[in-house]
Amino acid sequence: MVIDKRQVVYQIYPKSFKDTTGNGVGDLQGIIEKIPYLADLGVDMVWLNPFYPSPQRDNGYDISDYQAVNPLFGSMADFEEMIEVGEKHGIAFMLDMVLNHCSTDHEWFQKALAGDTFYQDFFILRDEPTDWLSKFGGSAWSPFGNTGKYYLHLFDQSQADLNWRNPHVRQELFKVVNFWKDKGVRGFRFDVINLIGKDDVLVDCPINDGKPAYTDRPITHEYLHMMNQATFGEEEGFMTVGEMSSTTIENCLLYTAPEREELSMAFNFHHLKVDYQDGQKWTIKAFDFKELQGLFHQWGEEMSQGNGWNALFYNNHDQPRALNRFIDVENFREEGATMLAASIHLSRGTPYIYMGEEIGMLDPDYDSMADYVDVESLNAYDILLEQGKSAAEAFAIVKAKSRDNSRTPMQWNATAHAGFSTNTPWLKVGKTYQTINVETEKTGKIFPFYQRLIKLRKNLSIISEGDYKAAYQNSDQVYAFERQLGDEKLLVLNNFFAQEVTLDLLPDYRAGQVLISNYPDVGLGQKLTLKPYQTLAILSTRN
Ligand code: GLC
């Protein structure tokens with residue numbers, strides 16, 4: 001399962017990408033229609049968020065049938081066509097596997113509720129709940145019918161955690177993975193996969209809502225190895241990525257070291273918590289640059305030294321747009337978008353682009369709570385009010401942090417509904433669609449810059465294969481790193497602020513070659529001044 005490290009992944013949130021039926025919801029035919037656009041961007045693999053039958057309490061992460069297509073998105077024939085058209089354009093697909101929990105509408109849960117003991121053992125049932133909290137608010141346990149028992153749900157009440165200790169559960173889930181693999185997909189993204197291994201005896205844990213009691217438990221590695229062996233392990237070039245909630249470098253090295261045969265790479269989220277007050281998401285705080293820089297350096301170096309592999313990203317369907325978090329978008333949207341892109345596309349790991357990022361899309365700037373639909377956001381709003389926040393304060397927090405920020409319809413052009421649909425979309429379009437859309441941006445600054453970054457990774461093995469080393473660690477403004485492969489060296493400098501900054505350029509690079517920058521006419525010398533949000537990559541020609 002050796003992956004091609006030159007590849008770049010593009011994430012599509014199917015509900016919001018392109019609607020071809022006029023029902024206000026994106027669909028598989030919409031994805032097929034846009035495959036040439038993705039090929040033009042240059043990506044190799046497309047990760048799709050869940051499109052399986054689901055009551056949509058958590059937008060498809062509550063699956064009621066693992067082996068079918070939700071008619072809302074199309075049919076199995078559409079899926080097969082999508083794989084075929086993708087192949088013609090050099091684009092493979094990565095599917096989202098939600099194996100930690102299933103919907104309470106799933107027949108396994110329904111049979112369990114009806115008293116079938118075989119299926120009751122598919123879930124985690126206890127007489128006494130622990131003190132763990134659901135990640136979406138409230139207790140992580142709810143009454144299991146009228147049995148007097150409780151079932152575990154680390155997420156919404158409608159998402160019941162599956163009991164991986166039961167071999168029948170593993171067998172069923174591996175069948176699901178093989179079903180989609182046999183349909184021709186070339187990758188999987190495993191949802192909250194480091195939460196699957198629960199201890200036999202569950203105990204109270206007052207720290208951090210109970211997370212240490214169920215996160216990264218040692219048995220998780222065994223389950224991942226079993227899954228690897230039972231499903232994708234022998235497939236050449238197959239790409240797997242685990243979403244690792246609140247994880248550690250130590251564990252991510254184990255999850256991703258090739259010889260352990262677990263997964264090809266891991267997403268961690270520490271760098272996206274640098275604007276949390278006291279580790280709490282539902283707060284407002286300017287991002288802490290030193291913390292971000294330190295995390296990037298630590299993960300970059302330790303994963304490099306230990307032969308692990310990172311998934312590199314700033315955006316996904318659970319995060320507000322990075323531009324709104326890290327950049328002065330009023331004045332420097334294009335500079336900021338291109339700098340952020342270079343800071344991960346030139347780094348060590350596999351870069352992920354979340355739809356709309358390549359055109360510099362922003363948070364939608366909604367005016368009222370009525371515009372939000374995400375279950376986590378709605379719960380958070382109520383909890384903030386209960387905690388004594390005013391309606392205006394609670395709204396401001398939801399507006400900054402809601403997952404709906406990234407889930408708004410893709411902005412294709414300046415026509416009604418941003419060219420996403422002929423009808424009112426399921427989630428309101430962002431306010432900026434008339435100026436920020438694919439039609440205008442394709443010849444703008446951001447989209448072509450992404451194309452160049454993707455090409456560079458394909459052409460230069462120092463980018464895809466080189467080691468990672470921190471640089472300019474004392475800078476309060478610049479996140480910089482070096483890559484090294486054999487005698488070759490590359491320096492990447494990223495100014496994370498709207499102020500200029502002057503550095504002493506490392507001697508090896510003073511006569512180097514500028515590989516890429518988001519400003520024209522860069523002169524190298526002993527002193528180097530970086531402009532607002534400037535990114536600059538220099539190949540050393542001295543060896
Ligand atoms: C992951 C998904 C998120 C979902 C949750 C529960 O974090 O990315 O969207 O709500 O898992 O499945």
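The values are calculated or read from the model by the stated rules, or taken from the named source; none is laboratory data. Only a predicted model underlies this, so the values are computations on that prediction, with no experimental measurement involved. Note that we place each Cβ from the backbone using ideal geometry, even for glycine, and neighbour counts take in every protein chain shown. With ligands, DNA and RNA removed, areas are computed over all heavy atoms of the protein, side chains included. Shrake-Rupley method; radii C 1.70, N 1.55, O 1.52, S 1.80 Å.
One table, with the values for the structure above:
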| read-out | value |
| --- | --- |
| Karplus-derived 3J(HN,Hα), 6.51/-1.76/1.60, for each residue of the stretch 390-400, Hz, glycine and proline x | 6, 4, 5, 5, 4, 4, 4, 5, 4, 4, 6 |
| Accessible-area composition of the chain, carbon plus sulfur, in percent [1.4 Å probe] | 48 percent |
| Global geometry of the stretch 268-363, whether rounded, prolate or oblate, following the gyration tensor of its Cα atoms and the 1.5 cut on a/c | oblate |
| Whole-angstrom gap from the stretch 74-99 to the stretch 483-497, using each part's C-alpha centre | 36 Å |
| Net length gained if the chain between residue 393 and residue 467 were fully extended (0.36 nm per residue, minus Cα distance) | 22.1 nm |
| Residues of the chain: accessible area per residue with a 1.4 Å probe, Å² | 37 Å² |
| Other-chain or far-sequence residues with amide H under 5 Å of residue 471's (modelled H) | 480, 481, 482 |
| Mean separation of Cα contacts under 8 Å, 6 or more apart, over the residue count of the stretch 467-539: relative contact order % | 32 percent |
| Global geometry of the stretch 102-161, whether rounded, prolate or oblate, following the gyration tensor of its Cα atoms and the 1.5 cut on a/c | oblate |
| Rounded FRET efficiency, nearest 0.05, which uses the C-beta distance separating residue 541 from residue 149 and R0 of 56 Å | 0.25 |
| Theoretical ellipticity at 222 nm over the chain - DSSP helices of four or more residues, -39500 (n - 2.57) apiece, nearest 500 | -8500 deg cm²/dmol |
| FRET efficiency, residue 83 to residue 423 (Cβ-Cβ, R0 41 Å, nearest 0.05) | 0.90 |
| Zone residues, the stretch 228-268, relative to residue 281, backbone N less than 11 Å from point 7 Å out along Cα-to-Cβ | 246 |
| Cβ crowding within 10 Å averaged over residues, with 55-66, 387-398 ranked highest first | 55-66, 387-398 |
| In order through the stretch 319-325: 3J(HN,Hα) via Karplus (6.51 cos²θ - 1.76 cosθ + 1.60), integer Hz, x for Gly, Pro | 10, x, 4, 4, 4, 6, 8 |
| Cβ-based net charge around residue 457, under 9 Å, with every Lys or Arg adding one and every Asp or Glu removing one | +4 |
| Helix 219-230 axis, angle to the chain major axis (alpha carbon atoms, nearest 10°) | 90 degrees |
| For residue 441, net neighbour charge (Lys/Arg +1, Asp/Glu -1) across residues whose Cβ lies under 14 Å away | -2 |
| Percentage relative contact order, the stretch 184-232, counting C-alpha pairs under 8 Å, at least six apart | 36 percent |
| Theoretical FRET efficiency, 1/(1+(r/R0)^6), r = Cβ-Cβ of residue 521 and residue 4, R0 25 Å, to 0.05 | 0.10 |
| Within straight-line cross-link reach of residue 401, lysines at Cα separation under 22 Å, skipping those fewer than 8 residues along the same chain | 15, 135, 211, 273, 281, 285, 290, 389, 428, 431 |
| Estimated inter-spin distance, residue 171 and residue 476, nm [label 7 Å along Cα→Cβ] | 6.3 nm |
| Separation of the residue 371 and residue 118 label points, Cα + 7 Å toward Cβ, nm | 5.1 nm |
| Between the stretch 147-216 and the stretch 266-318, the alpha-carbon center distance in angstrom | 24 Å |
| From phi via Karplus (6.51, -1.76, 1.60), per-residue ³J(HN,Hα) for the stretch 22-34 in Hz, x at Gly/Pro | x, 9, x, 10, x, 8, 5, 4, x, 5, 4, 4, 9 |
| Relative contact order of the chain, pairs being alpha-carbon contacts under 8 Å that are 6 or more residues apart, as % | 14 percent |
| Summed residue charge, Cβ within 12 Å of residue 280's Cβ, Lys/Arg positive, Asp/Glu negative | +1 |
| 5 angstrom amide H check on residue 534, placed H, neighbours 5+ away | 495 |
| Shape call, the stretch 421-520: gyration tensor on alpha carbons, a/c limit 1.5 | prolate |
| Qualifying GluC sites (Glu not before Pro) for the stretch 434-521 [loop in DSSP, other Cβ within 10 Å: at most 16] | 500 |
| Gain on full stretching of the segment that runs from residue 111 to residue 250 - 0.36 nm per residue minus C-alpha separation | 46.1 nm |
| Other-chain or far-sequence residues with amide H under 5 Å of residue 45's (modelled H) | 8, 10, 92 |
| Packing-based order for 245-254, 149-158, 345-354, 67-76, using average beta carbon neighbours within 10 Å, highest first | 345-354, 149-158, 245-254, 67-76 |
| Euclidean distance between Cα centres, the stretch 1-31 to the stretch 328-382, Å | 17 Å |
